[in-house]
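Notes to accompany the following structure.
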């Protein structure tokens, strides 16, 4: 069902609110594209198609083009919902495809480039896709008014049909061709919330059936072409290592192996299928040069990070005089925290297919940063970016893994395709597959981090000073994003959730150390909030108990200036029965955090198994993410975020021994088990605020909520993650 338009863009004057009218060619229909700020896209009737947001087809179907990658978070359905509501389409006639790589038309309005991440998809597209639907509706109405010789104001639109009191009626498909000839309205009015049909209600996702039946071509891993070769690579065992030499004689004897090609990133074995390629790789003899590689073990790295937190760092946030406040405090509470490297471990590891003919290249993959991917591939192949086509496919998870500032897997595929042609071969579809072992052992990871916190209390238990140091490798420094995100050496993703905390904390001081290592790091579901929320929320719990105060009541006082965060805290506590007696052997903990402009509070209820490990029995969650476009999908994202975060805090960690990663698959990088998954309640606060992120905000609070429940039972907080290190998992 994936259809990709690759037509050129002509010049025009930009205007955010103006849409373009386009013909649908032989198929017949109405196509629309938004003219974005800075865009040069324009076409008149009869011109080429210009990467539209939606296509009303002659058969009555409505095809919505998603500019964002759907990697399981439901954004394709979300964008289709926005269009369908303003268009007044029947849900059954709506379909979705991924848009081509074209930043002029499909850029993320928050990023300035085409890409999905930071839980921004609905937030940056809410008005955009609604306006597309409203404009299409207005043009259909205008066409019907002209065809029926009646005033446009007398025409009704509902469930994909146009009608008039005279008895005349038409489906969208019958009117689409005429609508394409209508002038594009300069402004199409949007519905008010009381008029919404789909927005704010739960509807089935458009991708459920195809994924359930295992439809061909859904995921990149399924991509097949006649005569295609599959490649797997033997990469260095240590980060920063290089290939010094290899002997491929044995590999070439493996049945199905076609060729062996050395690349900067490793040695590629190409074969008729994945299994043959893996067998060929096993037969390779490769010598690596580790002279510039990371040779330390993770324990050594952790000790160095802890040592850094004992020293002054770069000032990330300063309010008041924390040192003076601490020196005069009635009591000072100190704690050190350590967090391991974490793999993303999506169910579908990286995969990418490429066809390069020397002058153009086409890629098939679950692309998350299309603009960067396109530019990197173009640079490697020596082509202009517009000679690079990217067919975005559904992705079986990502959690940040496919959103790469260096687009390394695109670069690797481009290098392989170029090397293939350089050997005198004819153009051919080549597919690189990362096995799960390749992906888990080969990075990129959530950074290993260390925190040192000192909190001063007065005689009444109020916080008078908070001093916080963080150490870990920056995700942004050394990437294309550094100049935009890193200011005065401070990578905001390392400290997000600390200096900008909504808690009313006086004398708050935050410092950061940017550690060095060849281990590649990358954003991981909720990025810096994965560790900052844990530290903030467990420290607040500890402070509350030291002050003899109820943890919820203590937080409420500190949140008096943030009504939205206060509201989710109160709702979660109320729904969880906070303060009511628990069954014997049950304990509760609470955490509340704002990330990606959404507010989430979670109350975890736990018990302990006979072996002393913790069992999370139930999690009650309250969320405020602005207008809830699809409540069922919001609940699914919160549930998934809780499960993902719970797996991380319980057992997940990437460790290195002498620079080599110890884990390789789900037998050693342990995923959450069905028996670990708690009962989850999600309560969504009604809102008329603009929609905010939902893919990530459910993850940060679960760790501290469970840790605080453990502390409620045992009086101690887990500060060295994962919990398995303390015998709790």
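The values are calculated or read from the model by the stated rules, or taken from the named source; none is laboratory data. Because the structure is a prediction, the values reported are computed rather than measured. Counting neighbours? That spans all protein chains shown, and the Cβs are built from the backbone with ideal geometry, glycine included.
At least 2 residues being out of contact with any strand residue (DSSP E or B) (no Cβ under 7 Å at 6 or more places or on another chain) is the threshold, and among the strands (runs of 3 or more DSSP E) wholly inside the range 562-654 those reaching it are 587-595.
Just to check your reading of the model, which residue among 121, 176 is touching a helix residue (DSSP H, G or I) at 6+ places or on another chain (Cβ under 9 Å) and either modelled with pLDDT of 95 or more or closer than 23 Å to residue 629 by Cα (or both)?
Numbers: 176 fails: either modelled with pLDDT of 95 or more or closer than 23 Å to residue 629 by Cα (or both).
Testing whether each residue is touching a helix residue (DSSP H, G or I) at 6+ places or on another chain (Cβ under 9 Å) and either modelled with pLDDT of 95 or more or closer than 23 Å to residue 629 by Cα (or both) leaves just 121.
Can you find a residue that is within 28 Å of residue 541 (Cα to Cα), surrounded by fewer than 18 Cβ atoms within 10 Å (Cβ to Cβ) and touching a strand residue (DSSP E or B) at 6+ places or on another chain (Cβ under 6 Å) anywhere in the range 664-680? Scanning the range 664-680 turns up at least one residue that is within 28 Å of residue 541 (Cα to Cα), surrounded by fewer than 18 Cβ atoms within 10 Å (Cβ to Cβ) and touching a strand residue (DSSP E or B) at 6+ places or on another chain (Cβ under 6 Å).
Residue-level analysis places residue 219 outside the set of residues that are surrounded by 15 or more Cβ atoms within 10 Å (Cβ to Cβ), touching a helix residue (DSSP H, G or I) at 6+ places or on another chain (Cβ under 6 Å) and touching a residue at least 12 places away in the same chain (Cβ under 8 Å).
Given the structure, is residue 105 surrounded by 23 or more Cβ atoms within 10 Å (Cβ to Cβ), part of a strand (DSSP E or B) and in the same structural domain as residue 198 (by TED's automatic domain parsing)? No.
Got at least one residue in the range 89-97 being assigned to a loop (DSSP other than H, G, I, E, B), at pLDDT 95 or above and surrounded by 22 or more Cβ atoms within 10 Å (Cβ to Cβ)? Among the residues of the range 89-97, at least one is assigned to a loop (DSSP other than H, G, I, E, B), at pLDDT 95 or above and surrounded by 22 or more Cβ atoms within 10 Å (Cβ to Cβ), which makes the answer yes.
Test residue 353 against the criterion of being within 21 Å of residue 414 (Cβ to Cβ), in contact with a strand residue (DSSP E or B) (Cβ under 7 Å, 6 or more places away or on another chain), surrounded by 15 or more Cβ atoms within 10 Å (Cβ to Cβ) and free of Cβ contacts under 8 Å to residues at least 40 places away in the same chain, and give yes or no.
Working: within 21 Å of residue 414 (Cβ to Cβ): yes; in contact with a strand residue (DSSP E or B) (Cβ under 7 Å, 6 or more places away or on another chain): yes; surrounded by 15 or more Cβ atoms within 10 Å (Cβ to Cβ): yes; free of Cβ contacts under 8 Å to residues at least 40 places away in the same chain: no.
No; evaluated as a whole, the condition is false for this residue.
Condition check for residue 480 on (1) without any contact (Cβ under 8 Å) to a residue 40 or more places away in the chain; (2) surrounded by fewer than 17 Cβ atoms within 10 Å (Cβ to Cβ); (3) under 18 Å from residue 110 (Cβ atoms): one failure, at (1).
Quick one: which strands (runs of 3 or more DSSP E) lie wholly within the range 156-235 and hold at least 2 residues that are outside the structural domain of residue 61 (by TED's automatic domain parsing) and within 35 Å of the chain's Cα centre (by Cα)? Can you show your working first?
Details: elements: 156-158, 161-163, 169-171, 229-234.
Because the criterion is at least 2 residues that are outside the structural domain of residue 61 (by TED's automatic domain parsing) and within 35 Å of the chain's Cα centre (by Cα), the strands (runs of 3 or more DSSP E) in the range 156-235 that meet it are 229-234.
Can you tell me which residue is nearest to residue 226 (Cα to Cα) among those in the range 244-253 that are in contact with a strand residue (DSSP E or B) (Cβ under 9 Å, 6 or more places away or on another chain) and surrounded by fewer than 19 Cβ atoms within 10 Å (Cβ to Cβ)? Walk me through it before giving the result.
Residues of the range 244-253 that are in contact with a strand residue (DSSP E or B) (Cβ under 9 Å, 6 or more places away or on another chain), as a first pass: 244-252.
Within this subset, residues satisfying the condition of being surrounded by fewer than 19 Cβ atoms within 10 Å (Cβ to Cβ) are 244-247, 249-250, 252.
Numbers: 244: 34, 245: 32, 246: 30, 247: 30, 249: 27, 250: 27, 252: 22 Å.
Out of the qualifying residues, it is 252.
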